[in-house]
């Protein structure tokens, strides 16, 4: 049995916060407005995992009304999501994501992101696809006002 899931996350960017993607700080003074650490990459992939397993989304599992989630590390939440997925009789086969951000250039951060995701997902780094692109100056992402991530995953039956 194979199950595919799709996740998408968008966050507004503001001064005075760190931008965390895949557990890596890619900008020290311009980051996401969020209740948790705002890791848009982790959030999109968690929603993909949960969707593939036909489970509630990240906002249901980790509500922003719960003070325990304030500033929480999204990779820790991802580890919990992986355990929930495993408990449903599935395991992660692979994930893929596209990060859309105007600046900074993300290429220097991709390998550390992959390593962090590999640990959180308990998945070989060769099964983690990461790409980054800009919005060519279009829309909120292009204006430097937001970051957007689309992620997809494949789950397979444990066996």
Helix 110-121: inclination vs the chain longest Cα principal axis, degrees, rounded to 10, gives 30 degrees
Just subtract the alpha-carbon distance of residue 80 and residue 15 from 0.36 nm times their residue separation and send over the number in nm, one decimal.
20.4 nm
Segment 70-159, relative contact order [Cα under 8 Å, separation at least 6], %
43 percent
Give me the number: length gained by fully extending residue 134 to residue 119, i.e. 0.36 nm times residue separation minus the C-alpha to C-alpha distance, one decimal in nm.
2.7 nm
Space enclosed by the convex hull of the alpha-carbon atoms of segment 70-159, per residue, Å³
112 Å³
Take the alpha carbon atoms of segment 123-149, find their center, do the same for segment 1-51, and report the distance between the two centers in whole angstrom.
10 Å
Two-decimal Rg/Rh across the chain, once Rg and the Kirkwood Rh are taken from alpha-carbon atoms
0.96
Using a Förster distance of 22 Å, the FRET efficiency for residue 156-residue 107 (Cβ separation, nearest 0.05)
0.10
Output the 0 to 90 degree angle, nearest 10, between the alpha-carbon long axis of helix 74-87 and the longest principal axis computed from the alpha carbons of the chain.
20 degrees
Mind checking the log10 I(q)/I(0) for segment 8-69 at q = 0.22, 0.26 Å⁻¹? Debye, one equal scatterer per Cα, no solvent, two decimals.
-0.90, -1.10
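Mean residue ellipticity at 222 nm from the helices of the chain, using -39,500 (n - 2.57) per DSSP H segment of n ≥ 4 over the full residue count, to the nearest 500 deg cm²/dmol?
-8500 deg cm²/dmol
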With everything on Cα atoms, drop me the angle between helix 40-52 and the longest principal axis of the chain, reported from 0 to 90° to the nearest 10.
30 degrees
How would you rank 78-85, 107-114, highest first, on the average number of other Cβ atoms within 10 Å across their residues?
78-85, 107-114
Normalised by the number of residues in the chain, what is the relative contact order in percent for Cα pairs under 8 Å and 6+ residues apart?
33 percent
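Values quoted throughout were computed directly from the atomic coordinates according to the rules given, and no laboratory measurement underlies them. What you see is a predicted model, and the numbers here were worked out from it, not measured in a lab. With ideal geometry, Cβ positions are generated from the backbone for all residues, glycine too; neighbour counts draw on all protein chains shown.
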